[in-house]
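Take a look at the structure set out below.
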Amino acid sequence: MFPILLRVGPFGVFGHQLGPFTLHTYGVLVALGFVAALVVVLRGARRAGLKTDAVLDVAFVAVLAAIVGSRLLYVLFNLREYLAEPLRAFKIWEGGLVFHGGLLLAIPLCLIAVRRAGLPAWEVADVFAPAIAVGQAVGRIGCFAAGCCYGAPWDPPLCVTYTHPEALAPLNVPLFPSQLFAAAAGLLVFAALLAYRPRRRAPGQVFWLYLLLAAIARVAEDAFRGAQAKLALLPWLSATQAISLALAAAALALIVSFGRRGGRLTLPR
(Lines give C-alpha, C1' and ligand atoms only; values in the text may rest on other atoms or scores of the structure.)
Protein backbone atom coordinates (compact mmCIF):
# COMPACT_ATOMS: atom_id res chain seq x y z
CA MET A 1 0.00 0.00 0.00
CA PHE A 2 1.47 3.35 1.08
CA PRO A 3 3.97 2.87 3.94
CA ILE A 4 5.56 6.27 3.23
CA LEU A 5 3.25 9.26 3.40
CA LEU A 6 5.90 11.90 2.68
CA ARG A 7 9.65 11.98 2.09
CA VAL A 8 11.61 15.23 1.85
CA GLY A 9 15.29 15.92 1.20
CA PRO A 10 18.11 15.77 1.62
CA PHE A 11 18.56 19.51 1.27
CA GLY A 12 21.05 22.13 2.29
CA VAL A 13 20.49 24.86 4.89
CA PHE A 14 23.24 27.41 5.65
CA GLY A 15 25.86 25.08 4.30
CA HIS A 16 24.62 22.04 6.22
CA GLN A 17 22.86 19.05 4.71
CA LEU A 18 19.61 18.01 6.38
CA GLY A 19 17.44 15.00 5.77
CA PRO A 20 16.10 13.04 4.25
CA PHE A 21 12.98 13.27 6.42
CA THR A 22 10.42 10.51 6.14
CA LEU A 23 6.83 10.59 7.38
CA HIS A 24 5.52 7.05 7.81
CA THR A 25 1.81 6.47 7.21
CA TYR A 26 1.69 4.01 10.08
CA GLY A 27 2.96 6.55 12.60
CA VAL A 28 0.51 9.20 11.41
CA LEU A 29 -2.50 6.89 11.64
CA VAL A 30 -1.51 5.50 15.03
CA ALA A 31 -1.23 9.10 16.25
CA LEU A 32 -4.66 9.86 14.77
CA GLY A 33 -5.99 6.79 16.59
CA PHE A 34 -4.77 8.20 19.89
CA VAL A 35 -6.35 11.58 19.07
CA ALA A 36 -9.68 9.93 18.19
CA ALA A 37 -9.55 7.94 21.43
CA LEU A 38 -8.83 11.10 23.42
CA VAL A 39 -11.84 12.87 21.89
CA VAL A 40 -14.08 9.94 22.87
CA VAL A 41 -12.61 9.90 26.39
CA LEU A 42 -13.25 13.62 26.93
CA ARG A 43 -16.83 13.41 25.67
CA GLY A 44 -17.49 10.36 27.80
CA ALA A 45 -15.94 11.99 30.88
CA ARG A 46 -18.18 15.05 30.54
CA ARG A 47 -21.28 12.89 30.16
CA ALA A 48 -20.30 10.83 33.21
CA GLY A 49 -19.71 13.98 35.28
CA LEU A 50 -16.01 13.22 35.81
CA LYS A 51 -13.28 15.83 36.26
CA THR A 52 -11.84 16.19 32.77
CA ASP A 53 -8.43 17.41 33.97
CA ALA A 54 -7.99 14.33 36.13
CA VAL A 55 -9.23 12.06 33.34
CA LEU A 56 -6.72 13.67 30.95
CA ASP A 57 -3.92 12.82 33.37
CA VAL A 58 -5.05 9.20 33.35
CA ALA A 59 -5.26 9.29 29.55
CA PHE A 60 -1.65 10.52 29.38
CA VAL A 61 -0.55 7.53 31.48
CA ALA A 62 -2.63 5.23 29.28
CA VAL A 63 -1.04 6.51 26.06
CA LEU A 64 2.51 6.13 27.34
CA ALA A 65 1.83 2.68 28.78
CA ALA A 66 0.10 1.57 25.58
CA ILE A 67 3.04 2.61 23.41
CA VAL A 68 5.72 1.15 25.68
CA GLY A 69 3.86 -2.08 26.48
CA SER A 70 2.75 -2.82 22.93
CA ARG A 71 6.21 -2.16 21.52
CA LEU A 72 7.91 -4.17 24.24
CA LEU A 73 5.75 -7.24 23.59
CA TYR A 74 6.35 -6.95 19.84
CA VAL A 75 10.11 -6.81 20.41
CA LEU A 76 9.92 -9.83 22.72
CA PHE A 77 7.96 -11.76 20.08
CA ASN A 78 10.69 -10.89 17.54
CA LEU A 79 13.67 -10.84 19.89
CA ARG A 80 16.15 -12.51 17.56
CA GLU A 81 15.58 -9.83 14.92
CA TYR A 82 16.06 -6.96 17.38
CA LEU A 83 19.11 -8.45 19.05
CA ALA A 84 20.86 -8.02 15.72
CA GLU A 85 19.76 -4.35 15.49
CA PRO A 86 18.81 -3.15 19.00
CA LEU A 87 18.18 0.49 18.03
CA ARG A 88 15.38 -0.58 15.70
CA ALA A 89 13.30 -1.34 18.78
CA PHE A 90 12.72 2.41 19.13
CA LYS A 91 11.49 2.93 15.55
CA ILE A 92 7.81 2.42 16.32
CA TRP A 93 6.78 4.60 13.38
CA GLU A 94 7.87 1.81 11.04
CA GLY A 95 5.26 -0.55 12.47
CA GLY A 96 5.28 -3.23 15.13
CA LEU A 97 2.97 -2.89 18.12
CA VAL A 98 1.17 -5.73 19.90
CA PHE A 99 -2.05 -4.41 21.42
CA HIS A 100 -2.15 -6.88 24.31
CA GLY A 101 1.21 -5.66 25.60
CA GLY A 102 -0.10 -2.12 25.82
CA LEU A 103 -3.32 -3.26 27.48
CA LEU A 104 -1.58 -5.41 30.08
CA LEU A 105 0.77 -2.57 31.05
CA ALA A 106 -1.84 0.21 30.87
CA ILE A 107 -4.41 -1.45 33.17
CA PRO A 108 -2.29 -1.50 36.38
CA LEU A 109 -0.65 1.88 35.69
CA CYS A 110 -3.99 3.53 34.95
CA LEU A 111 -5.47 1.99 38.08
CA ILE A 112 -2.71 3.64 40.12
CA ALA A 113 -3.33 6.97 38.35
CA VAL A 114 -7.09 6.70 38.93
CA ARG A 115 -6.59 6.00 42.63
CA ARG A 116 -4.25 8.96 43.05
CA ALA A 117 -6.70 11.25 41.25
CA GLY A 118 -9.59 10.10 43.44
CA LEU A 119 -11.68 9.06 40.44
CA PRO A 120 -14.26 6.21 40.44
CA ALA A 121 -12.29 3.42 38.78
CA TRP A 122 -15.13 1.56 37.08
CA GLU A 123 -16.67 4.77 35.70
CA VAL A 124 -13.32 5.70 34.22
CA ALA A 125 -12.92 2.20 32.77
CA ASP A 126 -16.33 2.50 31.07
CA VAL A 127 -15.34 5.87 29.61
CA PHE A 128 -12.08 4.49 28.24
CA ALA A 129 -13.50 1.26 26.76
CA PRO A 130 -15.14 2.70 23.61
CA ALA A 131 -12.17 5.04 23.17
CA ILE A 132 -9.79 2.08 23.03
CA ALA A 133 -12.00 0.40 20.42
CA VAL A 134 -12.08 3.42 18.09
CA GLY A 135 -8.35 4.01 18.56
CA GLN A 136 -7.68 0.41 17.56
CA ALA A 137 -9.84 0.77 14.46
CA VAL A 138 -7.93 3.82 13.21
CA GLY A 139 -4.56 2.31 14.10
CA ARG A 140 -5.34 -0.85 12.12
CA ILE A 141 -5.68 1.27 8.99
CA GLY A 142 -2.09 2.30 9.68
CA CYS A 143 -1.18 -1.40 9.80
CA PHE A 144 -2.86 -1.83 6.42
CA ALA A 145 -0.83 1.01 4.95
CA ALA A 146 2.48 -0.26 6.37
CA GLY A 147 1.84 -3.91 5.57
CA CYS A 148 2.30 -5.19 9.13
CA CYS A 149 -0.19 -7.64 10.63
CA TYR A 150 -0.82 -8.87 7.08
CA GLY A 151 -3.20 -11.66 6.19
CA ALA A 152 -2.73 -15.14 4.80
CA PRO A 153 -2.40 -15.72 1.03
CA TRP A 154 -5.84 -15.28 -0.49
CA ASP A 155 -7.55 -15.51 -3.85
CA PRO A 156 -8.97 -12.45 -5.67
CA PRO A 157 -11.06 -10.42 -5.47
CA LEU A 158 -11.00 -10.27 -1.63
CA CYS A 159 -7.29 -9.64 -1.37
CA VAL A 160 -4.59 -6.98 -1.40
CA THR A 161 -1.18 -7.15 -3.07
CA TYR A 162 1.74 -5.11 -1.71
CA THR A 163 4.26 -3.81 -4.22
CA HIS A 164 5.99 -0.96 -2.37
CA PRO A 165 9.57 -2.03 -1.54
CA GLU A 166 9.30 -0.64 2.01
CA ALA A 167 6.08 -2.46 2.87
CA LEU A 168 6.38 -4.94 5.73
CA ALA A 169 4.22 -7.56 4.04
CA PRO A 170 5.45 -10.07 1.43
CA LEU A 171 5.57 -8.35 -1.95
CA ASN A 172 3.55 -9.34 -5.03
CA VAL A 173 1.52 -11.94 -3.13
CA PRO A 174 -2.30 -11.65 -2.90
CA LEU A 175 -3.11 -11.48 0.83
CA PHE A 176 -6.28 -11.34 2.88
CA PRO A 177 -6.74 -7.75 4.20
CA SER A 178 -6.79 -8.81 7.86
CA GLN A 179 -5.97 -5.26 8.98
CA LEU A 180 -9.20 -3.94 7.43
CA PHE A 181 -11.08 -6.83 9.03
CA ALA A 182 -9.67 -5.72 12.39
CA ALA A 183 -10.52 -2.06 11.71
CA ALA A 184 -14.12 -2.96 10.88
CA ALA A 185 -14.32 -5.15 13.99
CA GLY A 186 -13.05 -2.25 16.11
CA LEU A 187 -15.76 0.04 14.78
CA LEU A 188 -18.43 -2.60 15.44
CA VAL A 189 -17.19 -3.05 19.01
CA PHE A 190 -17.20 0.74 19.45
CA ALA A 191 -20.82 0.96 18.26
CA ALA A 192 -21.86 -1.98 20.46
CA LEU A 193 -20.35 -0.36 23.57
CA LEU A 194 -22.07 2.96 22.92
CA ALA A 195 -25.38 1.15 22.47
CA TYR A 196 -24.88 -0.92 25.62
CA ARG A 197 -23.78 1.84 27.99
CA PRO A 198 -27.31 3.18 28.74
CA ARG A 199 -28.38 -0.40 29.53
CA ARG A 200 -25.53 -1.33 31.87
CA ARG A 201 -26.52 -2.47 35.37
CA ALA A 202 -23.41 -1.10 37.09
CA PRO A 203 -20.18 0.77 36.33
CA GLY A 204 -17.51 -1.52 34.90
CA GLN A 205 -19.78 -3.61 32.70
CA VAL A 206 -18.94 -1.63 29.56
CA PHE A 207 -15.22 -2.21 30.09
CA TRP A 208 -15.57 -5.95 30.57
CA LEU A 209 -17.90 -6.19 27.58
CA TYR A 210 -15.20 -4.42 25.57
CA LEU A 211 -12.59 -6.97 26.63
CA LEU A 212 -14.92 -9.84 25.74
CA LEU A 213 -15.83 -8.49 22.28
CA ALA A 214 -12.30 -7.34 21.44
CA ALA A 215 -10.87 -10.72 22.46
CA ILE A 216 -13.35 -12.59 20.27
CA ALA A 217 -12.54 -10.26 17.36
CA ARG A 218 -8.80 -10.84 17.81
CA VAL A 219 -9.19 -14.62 17.84
CA ALA A 220 -11.12 -14.36 14.57
CA GLU A 221 -8.62 -11.91 13.05
CA ASP A 222 -5.61 -14.11 13.79
CA ALA A 223 -7.30 -17.00 11.99
CA PHE A 224 -6.88 -14.98 8.77
CA ARG A 225 -3.34 -13.71 9.45
CA GLY A 226 -0.25 -14.81 7.61
CA ALA A 227 1.93 -17.38 9.34
CA GLN A 228 4.87 -14.98 9.60
CA ALA A 229 2.68 -12.14 10.97
CA LYS A 230 1.88 -13.98 14.20
CA LEU A 231 3.74 -16.01 16.79
CA ALA A 232 2.36 -19.54 16.70
CA LEU A 233 2.26 -21.51 19.95
CA LEU A 234 0.57 -24.46 18.25
CA PRO A 235 -0.33 -25.09 14.59
CA TRP A 236 -3.84 -23.84 15.33
CA LEU A 237 -3.17 -21.28 18.10
CA SER A 238 -1.14 -18.05 18.11
CA ALA A 239 0.24 -16.32 21.20
CA THR A 240 -2.21 -13.42 20.85
CA GLN A 241 -5.11 -15.85 20.42
CA ALA A 242 -4.10 -17.55 23.68
CA ILE A 243 -3.97 -14.20 25.47
CA SER A 244 -7.31 -13.21 23.92
CA LEU A 245 -8.99 -16.44 25.02
CA ALA A 246 -7.76 -15.89 28.59
CA LEU A 247 -9.05 -12.30 28.54
CA ALA A 248 -12.38 -13.41 27.10
CA ALA A 249 -12.80 -16.04 29.82
CA ALA A 250 -11.99 -13.50 32.55
CA ALA A 251 -14.32 -10.91 31.04
CA LEU A 252 -17.18 -13.38 30.68
CA ALA A 253 -16.74 -14.53 34.27
CA LEU A 254 -16.91 -10.95 35.54
CA ILE A 255 -19.93 -10.12 33.40
CA VAL A 256 -21.72 -13.13 34.94
CA SER A 257 -20.51 -11.99 38.36
CA PHE A 258 -22.28 -8.65 37.84
CA GLY A 259 -25.59 -10.43 37.40
CA ARG A 260 -25.11 -12.64 40.45
CA ARG A 261 -24.20 -9.68 42.64
CA GLY A 262 -27.21 -7.67 41.59
CA GLY A 263 -25.23 -5.25 39.44
CA ARG A 264 -22.49 -4.48 41.97
CA LEU A 265 -18.80 -5.17 41.63
CA THR A 266 -16.39 -3.80 44.21
CA LEU A 267 -12.86 -3.06 43.07
CA PRO A 268 -10.25 -4.19 45.61
CA ARG A 269 -8.30 -1.35 47.21
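The values are calculated or read from the model by the stated rules, or taken from the named source; none is laboratory data. Because the structure is predicted, anything quoted here is derived from the model rather than measured. Virtual Cβ from ideal backbone geometry, glycine too; neighbours counted across all protein chains shown. Just so you know, the surface numbers come from the protein's heavy atoms only, side chains and all, with ligands and any DNA or RNA stripped out. Shrake-Rupley method; radii C 1.70, N 1.55, O 1.52, S 1.80 Å.
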Evaluate segment 21-31: report whether one residue or more is open to solvent by 40 Å² or more (accessible area, probe 1.4 Å), under 24 Å from residue 189 (Cα atoms) and at pLDDT 95 or above. no
Unique residue being open to solvent by less than 60 Å² (accessible area, probe 1.4 Å), of a type in the set (A, V, I, L, M), part of a helix (DSSP H, G or I) and out of contact with any Pro (no Cβ under 8 Å at 6 or more places or on another chain) when the list is 65, 125: 65
Being more than 25 Å from residue 81 (Cα to Cα) and at pLDDT 90 or above is the filter here; which residues of segment 142-156 pass it? 154, 155
(1) within 23 Å of residue 77 (Cα to Cα); (2) touching a residue at least 60 places away in the same chain (Cβ under 8 Å); (3) out of contact with any Ser or Thr (no Cβ under 9 Å at 6 or more places or on another chain): which one isn't true of residue 170, the others all being true? (2)
For segment 132-139, check the following and say yes or no: at least one residue is open to solvent by 60 Å² or more (accessible area, probe 1.4 Å), modelled with pLDDT under 95, under 25 Å from residue 251 (Cα atoms) and not hydroxyl-bearing (Ser, Thr, Tyr). no
Just checking, how many residues over segment 141-163 are assigned to a helix (DSSP H, G or I) and within 13 Å of residue 225 (Cα to Cα)? 2
Which condition number in (1) closer than 19 Å to residue 168 by Cβ; (2) touching a residue at least 12 places away in the same chain (Cβ under 8 Å) is the one that residue 59 fails? (1)
Residue count for segment 84-107, restricted to those that are under 27 Å from residue 184 (Cα atoms) and open to solvent by less than 30 Å² (accessible area, probe 1.4 Å): 8
Do we have any residue at all in segment 181-196 that's over 20 Å from the mean Cα position of the chain (by Cα) and over 23 Å from residue 150 (Cα atoms)? yes
Could you list, in sequence order, the residues of segment 236-250 that are of a type in the set (A, V, I, L, M), over 17 Å from the mean Cα position of the chain (by Cα) and under 15 Å from residue 223 (Cβ atoms)? 237
Residue 110 more than 12 Å from the chain's Cα centre (by Cα) and open to solvent by less than 30 Å² (accessible area, probe 1.4 Å): yes
Within segment 151-210, count every residue that is open to solvent by 70 Å² or more (accessible area, probe 1.4 Å) and of a type in the set (Ser, Thr, Tyr). 1
Scan segment 58-65 and tell me whether some residue there is more than 30 Å from residue 22 (Cβ to Cβ) and at pLDDT 95 or above. yes
